[in-house]
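One structure is given below, encoded as structure tokens.
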Amino acid sequence: MATINDNYLKLKAGYLFPEIARRVNTFAEANPDAQIIKLGIGDVTEPLPEACRTAMVKAVEDMGDRATFKGYGPEQGYLWLREKIAAHDYQARGCQVDASEIFISDGSKCDTGNILDIFGKNNTIAVTDPVYPVYVDTNVMAGHTGPANEAGEYAGLTYLPMTADNDFTTELPNQKVDLIYLCFPNNPTGATATKGELKKWVDYARENGSIILFDAAYEAFITDPTLPHSIYEIDGARDCAIEFRSFSKNAGFTGTRCALTVVPKTLTAKAADGSDVDLHKLWSRRQSTKFNGVSYIIQRGAEAVYSEAGQAQIKGLINFYLENAKIIRDKLTAAGIKVYGGVNAPYVWVKTPKGMSSWEFFDQLLQTVHVVGTPGSGFGAAGEGYFRISAFNSRENVEEAMKRITEKYKL
Ligand code: MLT
């Protein structure tokens, strides 16, 4: 008799976003006239930049000509894309990242989950709380945790609370942890980390032989020039950190799919016999076995992000969403609702009014003003009493949603 991976039975309910979609669909079926505005999942709404579309169309034409046709591409991604990323996103910022250390993929969500393939079963793991649920759920699936308690905290994980009480910063754990997930600008709180804060983590990781899994998917939304865009802006990070980045949020590739992971060649972890093993080689082995790369057409589209026109166009997109975030912040603040984030990030982290729980606020907003957000408790126990509003939507929808919410909740 076939058996299952019992770890899946430990997972709490559905994955957060499908669970929200399920509730929204149930409501929409029962209320077909309701004009629902979705500011829940961080999915972009604005069209792909013209530079990317033009490059993709050209790439389609390349596929129609035997001379330029492409079959399987390199599993690690085409060198012309990796070189642009290395030069523009890293070397221009003083980070020593070489094109050979970059792996193109179809998403940071996939990579942050898949990376666990190359790590041992007995690593101790730290996540912030609240946290992007993928980091937690993939560790549960891999059998790295015990069961969850009522608040949704899994036994065996070290949670690092990030709340208004500590100004949404992360504090070093008291005990030693082997793998540390950090995401800045943060999903879901929209908080950022200074160079000093990241240095604290890099120093900790180097002292303890830990690896930092740094999710920089939202780095393009940083407006404060003093804030680091990459963990590799911190000395020593090449010896202790893997970085994940994405074209989803800066260039609108959520449906198109293209991302990247940096595994420095200087990064090692221990084998069971105590020897140091090169993680770059392991990830390369993993990817070349389980992944066939991102399509040529999409990689050409991603490459166009680095053209002069592409840079100007993505800047326009980012500013557009940041302006949405500002509208959300300003309107809610004026209505007496406490908000955080949304300045260097596309997410606004809202303290639920009147002491409501996160899901109570979610249900009430959905049912009364037909606006969808994401309950903070879905991101972890410390997210209870908070609610995430995504700035990824049209201006019209953001303005209308804020009008509806502030009319109802004006304090
Ligand atoms: C989110 O809403 O948190 C993001 O869209 C999730 C993701 O990028 O996978």
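The values are calculated or read from the model by the stated rules, or taken from the named source; none is laboratory data. Predicted model only: the values in this text are computed from it and were never measured. Cβ coordinates were reconstructed from backbone atoms using ideal geometry, including for glycine residues, and neighbour counts include every protein chain displayed. Just the protein is used for accessible areas: all its heavy atoms, side chains included, with ligands, DNA and RNA removed. Shrake-Rupley method; radii C 1.70, N 1.55, O 1.52, S 1.80 Å.
Computed quantities for the displayed model
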quantity	calculated
Residue identified as β-branched (Val, Ile, Thr), in contact with a Pro (Cβ under 6 Å, 6 or more places away or on another chain) and part of a strand (DSSP E or B) among Thr158, Thr128	Thr158
Test for Lys354: is it at positive phi and open to solvent by 20 Å² or more (accessible area, probe 1.4 Å)	yes
Members of the range 369-408 that are assigned to a loop (DSSP other than H, G, I, E, B) and among the aromatic types (Phe, Trp, Tyr)	Phe392
Filter result (away from the ligand (no atom under 16 Å from the Cβ) and under 20 Å from the mean Cα position of the chain (by Cα)) within the range 172-201	Leu179, Ile180, Thr192, Ala193, Thr194, Lys195, Glu197, Leu198, Trp201
Candidates Tyr347, Tyr386, Tyr321, Tyr340 - the one that is open to solvent by 10 Å² or more (accessible area, probe 1.4 Å), aromatic (Phe, Trp, Tyr) and within 15 Å of the ligand (Cβ to nearest atom)	Tyr386
Condition check for Val350: more than 25 Å from Gly255 (Cβ to Cβ), free of Cβ contacts under 8 Å to residues at least 60 places away in the same chain and among the β-branched types (Val, Ile, Thr)	yes
Subset of the range 102-137 (residues that are open to solvent by less than 30 Å² (accessible area, probe 1.4 Å), more than 10 Å from the ligand (Cβ to nearest atom) and free of Cβ contacts under 8 Å to residues at least 40 places away in the same chain)	Gly113, Leu116
Identity of the residue in the range 11-40, closer than 18 Å to Glu400 by Cβ and open to solvent by 80 Å² or more (accessible area, probe 1.4 Å), that ends up nearest to the ligand (Cβ to nearest atom)	Lys38
Some residue of the range 50-58 being surrounded by 11 or more Cβ atoms within 10 Å (Cβ to Cβ), without any contact (Cβ under 8 Å) to a residue 12 or more places away in the chain and either within 16 Å of the ligand (Cβ to nearest atom) or not basic (Lys, Arg) (or both)	yes
Test: residue in the range 75-97 that is in the same structural domain as Gly156 (by TED's automatic domain parsing) and at pLDDT below 95	yes
Among the residues listed as Asp129, Asp117, Asp165, the single one being under 28 Å from Arg329 (Cα atoms) and out of contact with any strand residue (DSSP E or B) (no Cβ under 8 Å at 6 or more places or on another chain)	Asp165
So Arg66, is it surrounded by fewer than 14 Cβ atoms within 10 Å (Cβ to Cβ) and not in a loop (DSSP other than H, G, I, E, B)	no
Which listed residue is surrounded by 21 or more Cβ atoms within 10 Å (Cβ to Cβ) and over 16 Å from the mean Cα position of the chain (by Cα), from Tyr154, Tyr218, Tyr204, Tyr159	Tyr154
Residue within the range 256-265 that is in the same structural domain as Phe119 (by TED's automatic domain parsing), in contact with a Pro (Cβ under 7 Å, 6 or more places away or on another chain) and within 16 Å of the ligand (Cβ to nearest atom) present	no
Number of positions in the range 371-391 that are in contact with a Leu (Cβ under 9 Å, 6 or more places away or on another chain), closer than 22 Å to Ala334 by Cβ and among the aromatic types (Phe, Trp, Tyr)	1
Evaluation of Val140 against (1) under 24 Å from Asp278 (Cβ atoms); (2) in a helix (DSSP H, G or I); (3) away from the ligand (no atom under 16 Å from the Cβ); (4) touching a strand residue (DSSP E or B) at 6+ places or on another chain (Cβ under 9 Å) (one fails), failing number	(1)
